[in-house]
Amino acid sequence: MCGIVGFLVGEHQSSRAVDFSIEAALETLTHRGPDGSGVWSSSEDGTHGYQIALGQRRLAVIDLTEGGRQPMHRGHLSVVFNGEIYNYKTLRTELTQLGHSFVSESDTEVLLAAVSEWGPAQACKRVDGMFAFGIVDRQRQLLWLGRDRFGEKPLYLLASPDGFGFGSELRSLRLMPGFVGGIDPAAFTSYVRTGVVGGSLAIHPRTAKLPPGSLLRIDLTRPPVNVHELHPESWWSPVSAALEARNTPFAGTLSEAADALDDLLIAAAKSRAVADVAIGTFLSGGVDSSSVVAALCASSTDVRTFTIGSDLPAFNEANEARAIANHLGTRHTELIVTSSEAQSVVPRLADMFDEPFADSSQIPTFLVSQMARRDVTVALSGDAGDEIFGGYNRYTEAAMRWPRIEMVPAPLRSFAARSARMIPPRTYDRTGQLIAKSGISKRFSRGIGDQIHKTARVIGATDANELFESLVRVWNPATVMLQSPIPHERSVHPSAASIRFGEKDLHPAETMMLLDTIGYLHDDILTKVDRAAMATSLETRAPFLTPELFTFAWTLPLEYRVSRGRGKLVLREVLAKRVPRELIEGPKNGFGVPIGAWLRGPLRTWAEHLLDRDRLEKAGLFDVDVVRTYWDEHLSGNRNWQHQLWTVLMFEAWRDRWDSP
């Protein structure tokens, strides 16, 4: 794990200026690699006509010696690499048999040998890992940039007439020739809609992201001068892999599927526990993280687990996590975080996420990473279990019920939806609490009002496409943006167009799962975990994102994942082999944060500054009247606009940190 940078400039730039720029860019990534740094530039081998420089900040995880130092060279290839290759020992054995020799124990050297032997695309296909890399082929005058299947590791790009660059985070590109500040309209539209900058977009003009599962080939003698000239080629697609897996459906029982999945999950956890440093596992008490911990315990007698809880009972799940840790016999570390401690993270978020990002679970993710980093360098997580095995409510509630909803005439559904939305969520919440306290029913959960309003959006949708869009949308950009929203194909994964609802014989729930895998998982979940954990110099790994496990999941019939209003059925069966059902079948709260209440209380002054009318009008981005109306309604308690307001606030906090003159 590390931070990488590289840029390509014309011969007019002095070697001294190039070396200074690459060193300065590297310094911005020290948090990603506190264990050392290295640089290389083409001036060292007398290349003429252009100059290319590579740099890496290192977090030493595998081969802690100088043998793992980067940039690394092998023949005519030079590389900077961020990530881990979990099957590097198997590949190393195969490559040795083909005549390759190795001087280190590093997985980076194995990657270079694999590219030399099979080429970049085939090497990527044979690798099981998370990665982003830049490889210079000095013989062919090429630069290859690559990224892993699901986009666990980031790679930003910069293309301008003054130079081409790449880096693990946007902050490193700001120090490269050709960078300009400002806000890209298409990226801004994407952010307003979902709270994240999606797909291959990046917030600044002249910048972009390399899509997951793709390779980009750059001719060193004729580098691209704008991002529209970038044409990455896909070497793997989750959509294609899922649809291909459906052609060989699993024919066994649910119990047999659980047995097969159990073996795959144990192998995945074991492979992701390979390191030359201390390793642990996040444990929230939910099915996903508990499954990873249980799988790791099946192959190891010394498993460390880390949980944070909240001093607010409604947001605390530490007791459940502790019970599971005790049952599995892990070395468990628990930290109860006070509200003031969690709130103290808020001013740091804009620096931590150097691109606008508005998922408030970024706060607990940072806190648990900070705690774990005191004892370990690597932590396994349960990320992607929901997308692969159908864990989100939108699969079980909305998608499974859509065929019945669709049978009701649209005008009647529209009337019912409008009627439900006329009552504020807070009124529903109060009524639900009264019913729960009376003992009539315990089914009313925290936030029942928001759930009812979301259900209203479901029944009011005209078709399944509108249904999904309404469930993942934070704002309608046309409502709150002063400029006209700009739809852009780069805001979604290229393969999204191949999985429209009703096509490929996909059930609406399966369609949502795939769209979330290429969208929400990449743009939100993996981005959140990477930035929050790397801010503490902690490497995270996701066992659910092994190619074999993903493919197997898509061979299963839908009812093994989502059925009768419940998700992750087969995963629950796997976990039940090692953890009593009563410990895992209760309602899951998760360690969330009460952003809505904080904005009315301790964060109000901070928010008032960012939402100041004069300030917003001067920026000319948001419709100030709309934002202020939402703010006033939220403060009054009549509506809970926490998600919408947090999206505006995180953008404005980012603008203060990164886009101010």
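Would you check if residue 288 is under 29 Å from residue 259 (Cβ atoms) and not in a helix (DSSP H, G or I)? Talk me through it step by step, then tell me what you get.
Numbers: under 29 Å from residue 259 (Cβ atoms): yes; not in a helix (DSSP H, G or I): no.
When the stated conditions are applied, residue 288 does not pass them.
List every residue pair whose Cβ atoms sit under 7 Å apart, with the two residues 6 or more apart in sequence or on different chains, where the first one lies in segment 203-230 and is acidic (Asp, Glu) and the second, anywhere, is part of a loop (DSSP other than H, G, I, E, B).
Filtered contacts from segment 203-230: 219/141.
May I ask you to list the residues in segment 427-461 that are outside any helix (DSSP H, G or I), of a type in the set (A, V, I, L, M, F, W, C) and either open to solvent by less than 70 Å² (accessible area, probe 1.4 Å) or modelled with pLDDT of 75 or more (or both)?
Correct list: 461 only.
So residue 333 clears everything in (1) surrounded by 20 or more Cβ atoms within 10 Å (Cβ to Cβ); (2) over 23 Å from the mean Cα position of the chain (by Cα); (3) within 18 Å of residue 538 (Cβ to Cβ); (4) among the β-branched types (Val, Ile, Thr) except one condition, right? Which one?
So residue 333 meets the others, but not (1).
Would you check if residue 141 is under 27 Å from the mean Cα position of the chain (by Cα) and under 23 Å from residue 214 (Cβ atoms)? Spell out the reasoning first.
On the way: under 27 Å from the mean Cα position of the chain (by Cα): no; under 23 Å from residue 214 (Cβ atoms): yes.
It is false that residue 141 is under 27 Å from the mean Cα position of the chain (by Cα) and under 23 Å from residue 214 (Cβ atoms).
Here's the yes/no breakdown for (1) within 30 Å of residue 640 (Cα to Cα); (2) of a type outside the set (A, V, I, L, M):
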position	(1), (2)
544	no, yes
556	no, no
580	no, yes
599	yes, no
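Out of the residues in segment 169-189 that are touching a helix residue (DSSP H, G or I) at 6+ places or on another chain (Cβ under 6 Å) and at pLDDT 95 or above, state the one that is farthest from residue 207 (Cα to Cα).
The selected residue is 189.
If residue 116 passes every condition in (1) within 24 Å of residue 226 (Cβ to Cβ); (2) free of Cβ contacts under 8 Å to residues at least 60 places away in the same chain; (3) not aliphatic (A, V, I, L, M) but one, which one does it miss?
Just one mismatch for residue 116, condition (1).
Report the residue count in segment 506-557 for those that are in contact (Cβ under 8 Å) with a residue 24 or more places away in the chain and not in a helix (DSSP H, G or I).
Qualifying residue count, segment 506-557: 15.
When segment 291-332 is examined, which residues are found to be aliphatic (A, V, I, L, M) and assigned to a loop (DSSP other than H, G, I, E, B)? Talk me through it step by step, then tell me what you get.
First pass over segment 291-332, keeping only residues aliphatic (A, V, I, L, M): 292-296, 298, 303, 308, 312, 314, 318, 321, 323-325, 328.
Hits for segment 291-332 are 298, 303, 312.
Identify, please: which residue in segment 188-209 is aliphatic (A, V, I, L, M) and not in a loop (DSSP other than H, G, I, E, B) and is, among those, nearest to residue 473 (Cα to Cα)?
Checking each candidate, the answer is 192.
Which one of 240, 300, 310, 234 is of a type in the set (Gly, Ala, Ser), farther than 19 Å from residue 388 by Cβ, open to solvent by 10 Å² or more (accessible area, probe 1.4 Å) and under 23 Å from the mean Cα position of the chain (by Cα)? Spell out the reasoning first.
On the way: 240 fails: farther than 19 Å from residue 388 by Cβ; 300 fails: under 23 Å from the mean Cα position of the chain (by Cα); 310 fails: under 23 Å from the mean Cα position of the chain (by Cα).
Within the list 240, 300, 310, 234, the selection yields 234.
Filter segment 382-426 for residues that are among the hydrophobic types (A, V, I, L, M, F, W, C) and in a loop (DSSP other than H, G, I, E, B); which is nearest to the chain's Cα centre (by Cα)?
Among residues in segment 382-426 that are among the hydrophobic types (A, V, I, L, M, F, W, C) and in a loop (DSSP other than H, G, I, E, B), the one nearest to the chain's Cα centre (by Cα) is 384.
Looking at (1) open to solvent by less than 20 Å² (accessible area, probe 1.4 Å); (2) among the small types (Gly, Ala, Ser); (3) free of Cβ contacts under 8 Å to residues at least 24 places away in the same chain, can you tell me which one residue 286 breaks?
For residue 286, the failing item is (3).
Considering every residue within segment 630-649, establish whether at least one is more than 17 Å from residue 595 (Cβ to Cβ), touching a residue at least 40 places away in the same chain (Cβ under 8 Å) and surrounded by 15 or more Cβ atoms within 10 Å (Cβ to Cβ).
No.
Within segment 569-617, take every residue that is at pLDDT 95 or above and aromatic (Phe, Trp, Tyr) and give me the one that is most open to solvent (accessible area, probe 1.4 Å).
Checking each candidate, the answer is 606.
When only residues in segment 128-149 that are hydrophobic (A, V, I, L, M, F, W, C) and open to solvent by less than 10 Å² (accessible area, probe 1.4 Å) count, which is nearest to residue 544 (Cα to Cα)?
Only one residue fits best here, namely 130.
Checking the structure you have, find out if any residue of segment 4-25 is at pLDDT below 95 and at positive phi.
Among the residues of segment 4-25, not one is at pLDDT below 95 and at positive phi, which makes the answer no.
Does residue 325 fit the bill of being touching a residue at least 12 places away in the same chain (Cβ under 8 Å) and in contact with a Pro (Cβ under 7 Å, 6 or more places away or on another chain)? Before you say what the answer is, go through the steps one by one.
Details: touching a residue at least 12 places away in the same chain (Cβ under 8 Å): yes; in contact with a Pro (Cβ under 7 Å, 6 or more places away or on another chain): no.
Spelling it out, it is not the case that residue 325 is touching a residue at least 12 places away in the same chain (Cβ under 8 Å) and in contact with a Pro (Cβ under 7 Å, 6 or more places away or on another chain).
The values are calculated or read from the model by the stated rules, or taken from the named source; none is laboratory data. Computed from a predicted model, the values in this text were never measured in an experiment. Here Cβ is always computed from backbone atoms with ideal geometry, including for glycine, and neighbour counts include all displayed protein chains. Side chains included, ligands, DNA and RNA excluded: accessible areas come from the protein's heavy atoms. Shrake-Rupley method; radii C 1.70, N 1.55, O 1.52, S 1.80 Å.
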